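Following: one structure in C-alpha cells, then a few remarks.
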Amino acid sequence: MKRLIVQMQISVDGFGATNDPAVDWMLWDWGPRCPWDGALKKRFNETIEGIDTVLLSGPMAEGYIDHWTNMAQQKAGDPDYAFTHRIVAAHKRVISRSLTALRRPRTSIGRGPLLDEVAALKQGEGVDIICFGGTTFAAALLDGGAVDELQLYVNPFAISGGQSVFKRSRALRCLEATAYECGIVVQRYQP
C-alpha cells in the first residue's frame with residue numbers, strides 16, 4: 001500500500017503561511033538567493049525518488065505544475081534539480097470540485113470526497129504519494145487520518161502569526177530531526 005507524505009515548510013513558530021505577504025520568511029524558496037546546502041539538496045532529491053504521485057489542491061495545481069515543468073527545462077542536467085524531472089514525470093492528482101479541466105500531462109482531477117480520493121490513490125500500484133500542502137488542504141488530510149508521514153522543513157524565522165497546518169491539538173511520533181547548514185531543520189513525524 002502506498003503512503004501519503006505531507007511535506008510543508010513552516011516557520012520556527014509553527015506557521016505554514018503568513019498573513020502578511022510582505023514577510024519574506026522562507027529560506028528555501030527555490031529562487032536565486034536560496035541558500036539550501038548540498039546535504040539538503042541530496043535529501044530532497046532522495047525523497048522525491050520515492051514518489052510517483054503528487055497530490056494537490058485545486059488552488060495550488062496550475063501554478064505548481066507550470067512552475068516545475070519550467071524548472072525542469074531550465075535546470076536540465078543539473079543534479080541538484082534532478083527532482084524536477086521526477087515531479088514532471090509523476091502523476092499529479094488534483095482534488096477539486098470546481099475545476100472543470102486542467103490540461104496538463106499526467107494530471108487528473110478527483111471530484112470525490114478528499115479522504116475517498118486519497119484512499120483510492122493509496123490502493124494503487126507504485127510507490128509513495130507526496131503532498132506539498134497548502135495549510136488548509138494539509139490540515140484536512142491530517143484531521144482525516146490520511147497522512148502516514150509529516151515532513152516539516154522548519155525555517156529559522158518567526159513570523160508571529162499566520163496559518164497553521166494544525167487545526168487541533170494532536171500527538172505526533174518523532175521519527176527524525178536533522179539540522180542543515182543553511183539553518184533549516186527537517187522534522188519527520190508519524191501522526
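What follows draws every value from the coordinates through simple rules; no lab data is involved. As the structure is a computational prediction, the values presented were derived from the model and not from experiment. Positions of Cβ are backbone-derived with ideal geometry, glycine not excepted, and every protein chain shown enters the neighbour counts.
Before rounding to the nearest 500, sum -39500 (n - 2.57) across all DSSP H runs of length at least 4 in the chain and divide by the residue total; then give [θ] at 222 nm in deg cm²/dmol.
-9000 deg cm²/dmol
Could you list Cys182, Cys131 so that the one with the fewest beta carbons within 10 Å of its beta carbon is first and the one with the most is last? Before the final figure, lay out the partial values.
Working: Cys182 17, Cys131 25.
Lowest count first: Cys182, Cys131.
Determine, from the Cβ-Cβ distance of Ala158 and Thr136 and an R0 of 22 Å, the FRET efficiency 1/(1 + (r/R0)^6), rounded to the nearest 0.05. Could you put the intermediate results ahead of the total?
On the way: r = 22 Å, r/R0 = 0.99.
For R0 = 22 Å, the calculated efficiency reads 0.50.
How high is the relative contact order of segment 41-89? Use alpha-carbon pairs under 8 Å, at least six apart in sequence, and give a whole percent. Mind dumping the intermediate values first?
Details: 31 pairs, mean separation 25.7, N = 49.
The normalised contact order for segment 41-89 reaches 52 percent.
Once R0 is set to 30 Å, what does the formula 1/(1 + (r/R0)^6) return for the Cβ-Cβ distance between Asp24 and Ala179, expressed as a FRET efficiency to the nearest 0.05? All intermediate terms of the calculation are to be shown ahead of the outcome.
On the way: r = 22 Å, r/R0 = 0.72.
Efficiency, from the Cβ-Cβ distance: 0.90.
Under the definition of Cα pairs under 8 Å and six or more residues apart, what whole-number percent is the relative contact order of the chain?
This gives 37 percent for the chain.
Normalising by the residue count of segment 92-191, find the relative contact order in percent from Cα pairs under 8 Å and 6+ residues apart.
Reported relative contact order: 22 percent.
Taking the simple approach of a point 7 Å from Cα along Cα-to-Cβ for both Met1 and Ser108, what is their distance in nm?
2.0
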